[in-house]
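What follows is a short report on a single structure.
The values are calculated or read from the model by the stated rules, or taken from the named source; none is laboratory data. The model shown is predicted, which means the values in this text are computed figures rather than measured ones. A quick note on method: Cβ atoms are made from the backbone with ideal geometry, for glycine too, and the neighbour counts reach across all protein chains shown.
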Amino acid sequence: MKRIINRNPNARVQVLLSLLPFVAVAVIYVFASEARLAENANDKLLPSLDAMFKSLTRLTTVPNKRTGDILLWTDTAASLTRLSWGVSISALLGLFFGILTGAIPYTRSLLSSFIAVLSMIPPMAILPILFIMFDLGELSKVILIVIGIAPFIIRDLQQQVLEIPREQIIKAQTLGASTWQIIARVLLPQLYPRLIQSVRLSLGTAWLFLIAAEAIAATDGLGYRIFLVRRYLAMDVILPYVAWITLLAYLSDTVLLKLSQHISPWFHGTQRKDASA
Amino acid sequence: MSDIHFKNVWKTYHDQVVLERLNVNIKAGEFCSIVGASGCGKTTFLKLLLGEEAPSRGTIMLGEQRLRAEPGPDRGIVFQRYSVFPHLTVEDNVLFGLEMSESPILGRLFGRSRQRAKDQAKDMLSAVGLEHACGKYPAELSGGMQQRLALAQALIKQPKILLLDEPFGALDPGIRNDTHKLVLDLWRRFELTVFMITHDLKEGFQMGTRLLVFDKVRNDPQAPHAYGARITYDIPLNSDKRKFPVELTASLERSGSSKTDKKLLDFGPGPE
């Protein structure tokens with residue numbers, strides 16, 4: 001009998017195994033929900049799949065009576081706008097300061113301890129400051145996300161720059177490259193896939209800060225809606241919303257991975273298709 | 001052509017003396033093999049030549065001028081590893097040097113100038129036998145091919161001096177021999193001055209026109225860092241003078257006498 005670490009499932013078993021936990025959770029939910037509803041037909045805690053589907057249909061098709069918006073879509077648009085602003089700004093900051101502190105010793109001395117200390121500030125603790133300074137509008141939510149994830153990305157990229165073998169930087173100089181050319185042709189292209197990796201890792205954190213900000217002060221957004229309907233114990237809305245957020249997060253992660261594979265095939269060890277240039 | 005002169009060069013890191021009182025002249029066009037026990041300043045010597053390190057005392061002259069203490073296009077280098085850019089294809093790796101000098105802002109060439117540079121890169125790649133691997137990434141190449149790429153990449157700048165830091169250290173023996181031939185061929189063809197660090201004495205004897213042995217002359221067991229290494233043997237090589245001096249064997253055994261050194265000594269001079 002082979003050791004269990006040496007036994008690999010075949011392709012079909014792999015798919016079945018990976019689906020199993022999802023099916024298990026769904027089945028357990030359905031049974032638990034039916035048991036509660038059998039006792040009390042008005043139970044709100046574990047709504048039936050049917051009830052959730054009805055709510056979801058209402059949220060995605062019926063316009064809101066007051067505003068005429070279809071709630072799920074307007075909420076999604078609002079949240080994704082904030083999230084993508086926050087994440088894009090953080091990524092740009094990360095790239096800029098990561099290279100600045102990674103590649104140039106003077107700016108590293110100047111900034112790296114400062115950034116290390118900044119990154120220790122708990123972002124939620126300064127949310128009130130943001131609300132006071134930037135009002136309750138979109139800006140303070142975007143800034144919260146930036147404060148939450150930019151220091152992590154900056155420090156990660158600084159480390160990534162420092163981990164590029166010194167030999168490459170020396171070699172580039174013997175090929176006549178200036179500081180700027182080294183940054184543009186040696187460092188930047190090697191940082192793109194690492195930046196995407198870093199962004200993927202911080203997406204969860206970005207969602208956390210987004211939903212926190214929306215829960216506290218917003219008039220739309222996925223986080224706002226969840227915290228609004230909590231007052232009515234509307235689990236039939238909350239659960240689909242959570243599933244939707246999870247799906248969005250999963251999709252954005254996948255899209256980023258595909259993007260990275262597309263622009264940096266060398267990083268992922270995939271063969272370039274047009275091998276003859 | 002410019003000769004290289006080391007005039008009383010010292011290199012120290014804090015209180016640790018790595019190299020002391022180096023006085024050596026190297027004529028343009030020589031092929032210097034550099035051997036010595038680990039920690040005897042071979043790599044420091046190469047870093048001084050490269051300009052990655054500046055001498056603590058003394059001067060290094062390249063022809064009539066002081067050697068600039070910063071790596072530049074007049075001195076090419078091939079390291080044991082990490083010499084090529086992993087994110088660029090074989091062809092782009094060789095183009096890199098040309099693009100740097102011709103396109104200071106973008107660092108990229110387009111259109112006709114790119115085509116011209118490409119032709120030049122093609123010639124260089126066929127000189128090292130890589131013309132069929134143009135579109136591949138370095139990770140898709142074998143170790144020997146990567147080193148040949150690193151050579152092509154360095155030589156496209158037409159440096160006068162080529163520095164090789166154990167370039168064949170990671171290659172298996174068959175590939176090694178082919179690459180030896182290639183390097184000697186390139187050395188003659190491009191009229192280079194070559195400095196090659198090697199751990200393989202036989203390789204050092206076979207390839208060089210001159211063998212420099214680095215060793216510590218003085219050693220204080222209480223203060224191992226107090227004295228640095230010097231060039232203890234400077235052996236001109238040609239077909240007659242391949243005999244391995246007895247006193248050199250003894251000296252190397254006395255000094256490092258680590259496992260690698262012993263193994264190297266077993267190779268001895270080549271039978272040819």
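Here is how the numbers come out for the structure above:
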{"read-out": "Criterion violated by A:VAL229 - all others in (1) within 14 Å of chain B (Cβ to nearest Cβ); (2) crowded, with 16+ Cβ neighbours inside 10 Å satisfied", "value": "(1)"}
{"read-out": "Considering residues of segment B:128-156 that are surrounded by fewer than 19 Cβ atoms within 10 Å (Cβ to Cβ) and among the charged types (D, E, K, R) only, the residue farthest from the other protein chains (Cβ to nearest Cβ)", "value": "B:GLU131"}
{"read-out": "Residue among A:VAL237, A:VAL255 that alone is assigned to a helix (DSSP H, G or I), assigned by TED's automatic domain parsing to the domain that holds A:PRO123 and within 16 Å of A:LEU71 (Cα to Cα)", "value": "A:VAL237"}
{"read-out": "Residue list for segment B:138-181, filter: hydrophobic (A, V, I, L, M, F, W, C), closer than 28 Å to B:SER101 by Cα and assigned to a loop (DSSP other than H, G, I, E, B)", "value": "B:LEU141, B:ILE156"}
{"read-out": "Criterion: in the same structural domain as A:ALA91 (by TED's automatic domain parsing), under 30 Å from B:GLU70 (Cα atoms), in contact (Cβ under 8 Å) with a residue 40 or more places away in the chain and not polar (S, T, N, Q) - qualifying residue of A:TYR192, A:TYR224", "value": "A:TYR192"}
{"read-out": "Single match in A:ARG185, A:ARG155, A:ARG194, A:ARG200 (criterion: away from chain B (no Cβ under 14 Å), in a helix (DSSP H, G or I) and more than 26 Å from A:ARG225 (Cα to Cα))", "value": "A:ARG155"}
{"read-out": "Count of segment B:65-85 residues which are within 7 Å of another protein chain (Cβ to nearest Cβ) and assigned to a strand (DSSP E or B)", "value": "3"}
{"read-out": "Exclusive hit being buried (at least 20 other Cβ atoms within 10 Å of the Cβ), hydrophobic (A, V, I, L, M, F, W, C) and either in contact with a helix residue (DSSP H, G or I) (Cβ under 8 Å, 6 or more places away or on another chain) or outside any helix (DSSP H, G or I) (or both), set A:ILE121, A:ILE211, A:ILE126", "value": "A:ILE211"}
{"read-out": "All positions within segment B:86-100 that are more than 7 Å from every other protein chain (Cβ to nearest Cβ) and under 18 Å from A:GLN181 (Cα atoms)", "value": "B:LEU88, B:ASP92, B:ASN93, B:VAL94, B:LEU95, B:LEU98, B:GLU99"}
{"read-out": "All positions within segment A:22-66 that are in a loop (DSSP other than H, G, I, E, B) and in contact (Cβ under 8 Å) with a residue 24 or more places away in the chain", "value": "A:LYS44, A:LEU45, A:LEU46, A:PRO47"}
{"read-out": "Test: residue in segment B:177-192 that is away from chain A (no Cβ under 14 Å), farther than 28 Å from A:GLY176 by Cα and free of Cβ contacts under 8 Å to residues at least 40 places away in the same chain", "value": "yes"}
{"read-out": "B:SER103 of a type in the set (S, T, N, Q) and more than 10 Å from chain A (Cβ to nearest Cβ)", "value": "no"}
{"read-out": "Residue that is surrounded by 15 or more Cβ atoms within 10 Å (Cβ to Cβ), hydroxyl-bearing (Ser, Thr, Tyr) and assigned by TED's automatic domain parsing to the domain that holds A:ILE147, where the choices are A:THR107, A:THR74, A:THR67", "value": "A:THR74"}
{"read-out": "Test result for B:GLN206, part of a helix (DSSP H, G or I), within 14 Å of another protein chain (Cβ to nearest Cβ), over 19 Å from B:THR44 (Cα atoms) and not aromatic (Phe, Trp, Tyr)", "value": "no"}
{"read-out": "A:SER79 vs. criteria under 25 Å from A:TYR232 (Cβ atoms) and touching a residue at least 40 places away in the same chain (Cβ under 8 Å)", "value": "yes"}
{"read-out": "Test: residue in segment A:259-273 that is more than 11 Å from chain B (Cβ to nearest Cβ) and not polar (S, T, N, Q)", "value": "yes"}
{"read-out": "Lone qualifier among A:THR174, A:THR179 - being in contact (Cβ under 8 Å) with a residue 40 or more places away in the chain, over 30 Å from A:PRO47 (Cα atoms) and either of a type in the set (A, V, I, L, M, F, W, C) or within 14 Å of another protein chain (Cβ to nearest Cβ) (or both)", "value": "A:THR179"}
{"read-out": "Exclusive hit being under 20 Å from A:ALA212 (Cα atoms), touching a residue at least 40 places away in the same chain (Cβ under 8 Å), away from chain B (no Cβ under 14 Å) and among the hydroxyl-bearing types (Ser, Thr, Tyr), set A:SER90, A:SER119", "value": "A:SER90"}
{"read-out": "A:SER90 part of a helix (DSSP H, G or I) and in contact with a helix residue (DSSP H, G or I) (Cβ under 9 Å, 6 or more places away or on another chain)", "value": "yes"}
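Each row is one residue, and each column tells you yes or no for (1) free of Cβ contacts under 8 Å to residues at least 12 places away in the same chain; (2) more than 19 Å from the chain's Cα centre (by Cα).
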position: B:ASP3; (1), (2): no, no
position: B:LEU19; (1), (2): no, no
position: B:GLY41; (1), (2): no, no
position: B:ILE60; (1), (2): no, no
position: B:ARG66; (1), (2): yes, yes
position: B:PRO86; (1), (2): no, yes
position: B:GLY97; (1), (2): no, no
position: B:LEU109; (1), (2): no, yes
